[in-house]
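Working notes, beginning with the structure itself.
The values are calculated or read from the model by the stated rules, or taken from the named source; none is laboratory data. Owing to the predicted nature of the structure, the values given are computational and were not obtained by experimental measurement. Glycine gets a Cβ as well: all are built from the backbone with ideal geometry, and neighbour counts include every protein chain shown. SASA here: full protein model, heavy atoms, side chains in, ligands and nucleic acids out. Shrake-Rupley method; radii C 1.70, N 1.55, O 1.52, S 1.80 Å.
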Number of protein chains: 2
Amino acid sequence: MPFCLQQVRLIDLQVGVSSLIRPPNALCDLVCGRSFRLCKTRYRFDIVPTPTRPFELGIYSFVELTPDPVTGVMVSPAERLADLIEEIELADQVGLDVFAVGEHHRPEFVSSAPAVILAAAAARTETIRLSSAVTVLSSDDPVRVFQNFATLDLLSRGRAEIMAGRGSFIESFPLFGYDLQDYDELFSEKLELLLKLRTSEHVTWSGRHRPALEDAGVYPRPLQEPLPVWIAVGGTPQSVVRAGTLGLPLALAIIGGEPERFAPLVELYREAGRRAGHDPAQLTIGINSHGYLADDAERAVEESFPSVQAVMNKIGRERGWPPLTRRQYEASRSLRGHLAVGNPDEIVEKILFQHEIFRHQRYLLQLSVGTLPHDKVMRAIELLGREVAPRVRAEIERRNSTPKRTPSPQ
Amino acid sequence: MPFCLQQVRLIDLQVGVSSLIRPPNALCDLVCGRSFRLCKTRYRFDIVPTPTRPFELGIYSFVELTPDPVTGVMVSPAERLADLIEEIELADQVGLDVFAVGEHHRPEFVSSAPAVILAAAAARTETIRLSSAVTVLSSDDPVRVFQNFATLDLLSRGRAEIMAGRGSFIESFPLFGYDLQDYDELFSEKLELLLKLRTSEHVTWSGRHRPALEDAGVYPRPLQEPLPVWIAVGGTPQSVVRAGTLGLPLALAIIGGEPERFAPLVELYREAGRRAGHDPAQLTIGINSHGYLADDAERAVEESFPSVQAVMNKIGRERGWPPLTRRQYEASRSLRGHLAVGNPDEIVEKILFQHEIFRHQRYLLQLSVGTLPHDKVMRAIELLGREVAPRVRAEIERRNSTPKRTPSPQ
């Protein structure tokens, strides 16, 4: 590490004083590296999460496991996970801000336990934030979710996040004994408990869908206070209002249609947040979309289309969608379309175009909708981290620092 | 790696043939290392778990977080986990066979999510097996447990194990809404489901303490078939009979009294297994005990006693035990006592003495009952792996290959 990005909480155990410091470069290795152990009878250090950058870019994955649409070859689940861990390592090395892993309970995915996968990634990475995308909170136990992600937070030195959602795929409901009739109530009740667990070590709570807690202590406590919880939504206004009212960051999935049509939802979120009295600066918005990068645009389409088509048509058959054509795919990757498929210039332009509309703070790409060759995904990550991210961050920082030329929609 | 310990399942994707190979040294890096990816359009490799050694030695930990009994200094939870991961890495490097992490839901432990912790360890280790010790199955959901450990198994390339128990500490029961009156029924019912999940991808099941499953697919599937499940017992004959009847390996905790008094339990296990028709070779026994090693015996006692005393007296106050004295501690570390505290010679002698009685196949030590300085634990691990393990393995291999001189109790 050439310089130290980390803030450090320094606790003097003899005097009992605690203070936040940002170590100068020369001390960085002493403090953030292993050698700080030398003086630990006197001092204790806790590394505090890196402060939010002007704009965060990252990747999310459901760790899909689908055959190559041309050759029919499919890697083994163990190999797919090994590839994924290397992808997260590379995302960290090229300076991306977030890697998120989704939850699915189907044979085409290896991701029924995101916190377990992210913990392996935590052991191989330094600064990237590690999130779920999403945790299907409705069919899970908030206590276990909190314990898993608090443990991940400690293992990663404050890099864990929970992205909670009601679930787009619903195969987890019968698996864990929940009724789809309770779809929304399950989520709101469990979210309430999860938020209580974040702010208090001992919790008293009761609800309809989980046994009551009576002054129950829940451990371990995470390093971040509070552990970040994002609300992931697919476009339901009610979910957007809930996130705004609670003052929680919003992760908006834009995986179909024209992104600008989502602008009213974003305004609804900000308005709900304002009405509930939250500081507008706290009302953070992330956008999650499908995409893929290659050195040239034609190759980006050629490499990604067959696998996206195979998966979307398979899901589409279950959900009654029309088949995806190459022409639609091309149309959706135009500037106003939702797909971020192209060369780095095009992706930079698209993210900045959307930023004019949404003024969002984070953008996450699902690079592989169906399993793509590992080396190609690695190249796409490199392009996103080394080519796209610095240019997007610089332009958004410029916009944010010149409010007159780019007035805030608020 | 100087030579290749791994068996590899080689799948020729073009011809559709699969075979188990043990690659010669020169090919090891090609197969087990990263370069096997080069030819993966033609071949797929799955690394198969290392075959069981004649005798396995290892460590288990509850990742306790207690103040130094002399200085009062306590490391942070994040630092305790970082220390633990280094300890597991070292255990792997010095050739120990198993590292197991227990489950507790109390402020004095950082281990409410063992699978998450073990996944971080999987990413930093090569050959050591990674187990829970124990998973409190009675208050958990077997589907989530299976998913977490199947994911761990894939991440670790076939090194995961579940050690399932009813729970010695019972704080998880109110936390997850279970009634202690159902203590044994909860365990037997959930164990039944867990074992079904191991052997079948689709499961139909119903019981009293978990929603029913109707032809439910549970993913991901582990690399090991089946995923190992050990039954951990504290000394209850009923539990021992259950393990034997099911033909599952038995992990016997001997943390008090004279070990030889446990011999009838071991015989009961073998007898139950024989009556149920299981191959005696399948009826594997592990012993879990408290212990600590240092270069000389006096130092082993000096370094470990204060922290063991502090923790045992704290738990003892809750459970009505008399205070632990230095004299008792010394007595328990004698050859016939349960404590494996001493220099390497003494520990070798003790394990071999117990092996005469039990003919067990595995021995795990809990090195830190209360948090000990990290450097001291690292030294103990080194002594266990480099000094104790080779001598114990060699002697037991000799005994096993000369049955006339050391007749089997069977």
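Structure notes:
- Of the residues making up the range B:198-218, those that are touching a strand residue (DSSP E or B) at 6+ places or on another chain (Cβ under 7 Å) and within 11 Å of another protein chain (Cβ to nearest Cβ) number 10.
- Of all residues in the range B:120-131, those satisfying the criterion of being away from chain A (no Cβ under 12 Å) and outside any loop (DSSP other than H, G, I, E, B) are B:Arg129, B:Ser131.
- As a summary of the residue check, B:Thr204 satisfies the conditions (1) hydroxyl-bearing (Ser, Thr, Tyr); (2) more than 21 Å from B:Gln282 (Cβ to Cβ); (3) touching a residue at least 40 places away in the same chain (Cβ under 8 Å) except for the one numbered (3).
- When restricted to residues that are among the hydrophobic types (A, V, I, L, M, F, W, C), more than 7 Å from every other protein chain (Cβ to nearest Cβ), part of a helix (DSSP H, G or I) and under 20 Å from B:Tyr219 (Cα atoms), the range A:66-95 contains 2.
- Residues considered: A:Lys314, A:Lys350. Of these, the only one that is in a helix (DSSP H, G or I) and surrounded by fewer than 18 Cβ atoms within 10 Å (Cβ to Cβ) is A:Lys314.
- Any hit, the range B:160-181, residues being more than 30 Å from B:Thr125 (Cβ to Cβ), under 24 Å from the mean Cα position of the chain (by Cα) and outside any loop (DSSP other than H, G, I, E, B): yes
- Flag if B:Ala120 is on the phi < 0 side of the Ramachandran plot, in the same structural domain as B:Gly370 (by TED's automatic domain parsing), touching a helix residue (DSSP H, G or I) at 6+ places or on another chain (Cβ under 6 Å) and open to solvent by less than 10 Å² (accessible area, probe 1.4 Å): yes
- The listed residue being farther than 19 Å from A:Glu260 by Cβ, open to solvent by 50 Å² or more (accessible area, probe 1.4 Å) and under 22 Å from the mean Cα position of the chain (by Cα), out of A:Arg379, A:Arg398, A:Arg319: A:Arg379
- Subset of the range A:328-345 [charged (D, E, K, R) and touching a residue at least 60 places away in the same chain (Cβ under 8 Å)]: A:Arg336
- Considering the conditions (1) open to solvent by less than 10 Å² (accessible area, probe 1.4 Å); (2) facing chain B (nearest Cβ under 8 Å); (3) within 23 Å of B:Gly217 (Cα to Cα), A:Val143 is excluded by exactly one of them, (3).
- On inspection, A:Arg198 qualifies as charged (D, E, K, R), out of contact with any helix residue (DSSP H, G or I) (no Cβ under 6 Å at 6 or more places or on another chain) and closer than 21 Å to A:Ser132 by Cβ.
- Meets criteria (within 27 Å of B:Leu118 (Cα to Cα) and either surrounded by fewer than 22 Cβ atoms within 10 Å (Cβ to Cβ) or among the polar types (S, T, N, Q) (or both)) for A:His209: no
- Scan of the range A:241-255 for residues that are more than 24 Å from A:Val369 (Cβ to Cβ) and not basic (Lys, Arg), ordered by number: A:Val241, A:Ala243, A:Gly244, A:Thr245, A:Leu246, A:Gly247, A:Leu248, A:Pro249
- Odd one out for B:Lys190 among (1) in contact with a Phe, Trp or Tyr (Cβ under 8 Å, 6 or more places away or on another chain); (2) surrounded by 22 or more Cβ atoms within 10 Å (Cβ to Cβ): (1)
- Residue count, the range A:272-284 (criterion: modelled with pLDDT of 95 or more and open to solvent by 60 Å² or more (accessible area, probe 1.4 Å)): 3
- Qualifying residue in the range A:285-300 (condition: free of Cβ contacts under 8 Å to residues at least 40 places away in the same chain, exposed (fewer than 15 other Cβ atoms within 10 Å of the Cβ) and not in a helix (DSSP H, G or I)): no
- B:Ile347 within 21 Å of B:Ala100 (Cβ to Cβ) and at pLDDT 95 or above: yes
- Beta carbons closer than 7 Å, at least 6 apart along the sequence or on distinct chains, pair a first residue in the range B:306-327 that is touching a residue at least 60 places away in the same chain (Cβ under 8 Å) with a second that is loosely packed, with under 14 Cβ neighbours inside 10 Å for B:Pro306/B:Val70.
- Filter result for A:His338 (open to solvent by less than 10 Å² (accessible area, probe 1.4 Å) and either under 29 Å from A:Ser111 (Cα atoms) or outside any strand (DSSP E or B) (or both)): no
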